[in-house]
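Accompanying notes for the structure given below.
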């Protein structure tokens, strides 16, 4: 995902919570804008396209429920995740009826918020049937991979990593991003699981061909692209 498809708007008035949320999302690869009250949040939400809005319910100026209601009345359909200390059933129902897509009660674990954001991202994005980089094609629906006319058999995790790399062609992906996307868990920095699977992938889609597509990006992780596109970024 690139551009608006990875941009998240956080509307949160508590400075400490806002800073933690922004830092957490940005280390996971999401571009994040921050608004400290409902009026600013409404203005930002209407001025630029966002993939998801994470919004506190209780805000100065206009509260979160009113922000979402105004956005929906104006035709903005960006998925909205409401976060609130108000966790009664009636509170959650009111938020969802106003146009919220999900409701997360404070205090929450950031990994749970990330999981819910990812669900909203998937819900809002159509999946292209086929991805292609050079002579390498990946059929997302039929789960088939072909390079130069040759069928390549991949294990499920190998397929998921390759799909993630191809969707982000030319963009370096850290080991943390790959683990969290493919395995949906935190990366502790101690496991070499990503490197192991990348070696498996290279043996299947690169080793037989003179053009190597999976690039090692020094100090970051991996990237898939044609060499002439990736040359200056790779090790």
(request) Would you check if there is a residue in the range 44-58 being at pLDDT 90 or above and farther than 12 Å from residue 9 by Cα? (result) yes
(message) Against the definition (outside the structural domain of residue 215 (by TED's automatic domain parsing) and at positive phi), how does residue 99 come out, yes or no?
(response) yes
(message) I'd like the full set of residues that are in a helix (DSSP H, G or I) and modelled with pLDDT of 85 or more, limited to the range 62-89.
(response) 64, 65, 66, 67, 68, 69, 70, 71, 72, 73
(message) Residues to consider are 149, 170; find the one that is touching a helix residue (DSSP H, G or I) at 6+ places or on another chain (Cβ under 6 Å) and surrounded by fewer than 19 Cβ atoms within 10 Å (Cβ to Cβ).
(response) 170
(message) Every residue in the range 97-133 that is exposed (fewer than 15 other Cβ atoms within 10 Å of the Cβ), over 20 Å from the mean Cα position of the chain (by Cα) and not in a strand (DSSP E or B), please.
(response) 97, 106, 107
(request) Would you mind telling me which numbered condition in (1) touching a strand residue (DSSP E or B) at 6+ places or on another chain (Cβ under 6 Å); (2) closer than 29 Å to residue 176 by Cα residue 100 fails? (result) (2)
(message) Is it the case, given these coordinates, that residue 53 is touching a helix residue (DSSP H, G or I) at 6+ places or on another chain (Cβ under 8 Å), surrounded by 18 or more Cβ atoms within 10 Å (Cβ to Cβ) and not in a helix (DSSP H, G or I)?
(response) yes
(request) Could you check the range 144-235 for helices (runs of 4 or more DSSP H) lying wholly inside it with 3 or more residues that are at pLDDT below 85? (result) 175-182, 227-230
(request) May I ask you to list pairs of residues, at least six apart or on different chains, whose Cβ atoms are under 9 Å apart, with the first in the range 44-56 being outside the structural domain of residue 17 (by TED's automatic domain parsing) and in contact (Cβ under 8 Å) with a residue 12 or more places away in the chain and the second being in a strand (DSSP E or B) and surrounded by 24 or more Cβ atoms within 10 Å (Cβ to Cβ)? (result) none
(message) Any residue that is in the same structural domain as residue 113 (by TED's automatic domain parsing), closer than 22 Å to residue 23 by Cα and either crowded, with 21+ Cβ neighbours inside 10 Å or in contact with a strand residue (DSSP E or B) (Cβ under 9 Å, 6 or more places away or on another chain) (or both) - is there at least one of those in the range 61-72?
(response) yes
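The values are calculated or read from the model by the stated rules, or taken from the named source; none is laboratory data. A quick note: this is a predicted structure, and the numbers were derived from the prediction, not measured. Positions of Cβ are backbone-derived with ideal geometry, glycine not excepted, and every protein chain shown enters the neighbour counts.
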